[in-house]
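Novice: One structure coming up, written as structure tokens, with questions to follow.
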Amino acid sequence: MLRSVPVVAAEDTRRTRTLLTHLGARPRVLSFHAHSPGRRRDVLLEILNHGEDVALVSDAGTPGISDPGADLVAAARAAGVRIVPIPGVSAVTAALSVAGVSADRFVFLGFLPRKGKQRKRLLDQATKSEWPVVLYEAPPRLVDLLEDLMAAGAAEDRPVLVARELTKLHEEVRDGGLAEAIAHFQQHPPRGELTIVLWPAPSVQPEAELPDPSGVARKLLGQGMTRRAAAAELVKLTGLPRNEAYRMVLELE
């Protein structure tokens, strides 16, 4: 497709030109990234409205998934332009595919805010999720993220997978408990694109309901137990204070 399309909108023109050269493609390359002015989007829309195809290319992963492109796609769709997805690498699905965790359902949180209430809320959501959680993070902030997950309530042995540079030359996938991951990356600072998969929160078992004290007391007395013995057994079975258990036995007798 890149060999035939006349225009490419690239997050980083230098990286994209390297790819195009490798493919022997020579389209017109225009910069389009998260900080592009609105007029660049208008230029691309004008090209599309004149009937020319435009390929949207991001540096890594899929455009619109924690990468620029969603606003351009929305504007093009609003203008009646047909949008054609091209399957490609996605760090989200690539990381889940090697994690070994059931991903019938999962939560994708992308890059968390660096600080503030929104970060705290999303960390809390991640640690309590009943499904795997996928996050992105920049290398210098990876250890802080893992430590913040523990501070938000994730146990130090909660399984986590850190995938680096997926599908690239220096690909690395490392899994283990949170505390283990923190210790490793403190000693070996990571580089490159990072994707983190946090395992679901352990199932919380509901507390067993205590038996009805009056019903237990009636049963004990019906078995012929003395008041004192019935009261003592009632304390063991229900956790009632001794005086209250004895009073209940007297009232029922």
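Computed from the coordinates by the stated procedures, all read-outs in this text should not be read as laboratory data. Keep in mind that this is a model prediction, so the values were computed, not measured. Neighbour counts are summed over all protein chains in view; Cβ atoms, including those assigned to glycine, are modelled from backbone coordinates with ideal geometry.
Novice: Leaving out same-chain residues fewer than 8 places away, which aspartates and glutamates sit with a Cα under 12 Å from that of K120?
Specialist: Here the aspartates and glutamates satisfying the reach criterion relative to K120 are D148.
Novice: How much length, in nm to one decimal, is gained on full extension between E244 and S102, taken as 0.36 nm per residue of separation minus their Cα-Cα distance?
Specialist: 46.1 nm
Novice: May I pose another question? So what's Rg/Rh here for the chain, counting alpha carbon atoms and using the Kirkwood radius for Rh?
Specialist: Here the Rg-to-Rh quotient is 1.30.
Novice: In addition: When a footprinting reagent is the concern and you count Cβ atoms within 10 Å, what order do S97, S58 take, fewest first?
Specialist: S97, S58
Novice: Ranked by Cβ crowding within 10 angstrom, fewest neighbours first, how are T21, T238, T195 ordered?
Specialist: Going from least to most buried by this count: T21, T238, T195.
Novice: Sticking with this one: Under 30 Å Cα-Cα from K168, which lysines qualify once same-chain neighbours fewer than 8 residues away are excluded?
Specialist: K168 reaches no qualifying lysines.
Novice: Counting each pair of different Cα atoms once, what's the Kirkwood radius of segment 91-198 in Å, rounded to one decimal?
Specialist: Computed over segment 91-198, the radius equals 13.7 Å.
Novice: List the aspartates and glutamates whose Cα lies under 20 Å from the Cα of K219, skipping any in the same chain that are fewer than 8 positions away.
Specialist: Here the aspartates and glutamates satisfying the reach criterion relative to K219 are E209, E233, E244, E251, E253.
Novice: So, one more: Sort 38-48, 74-84 by packing, meaning the average of other beta carbons within 10 Å per residue, with the highest value first.
Specialist: Ranked from most to least packed, the peptides come out as 38-48, 74-84.
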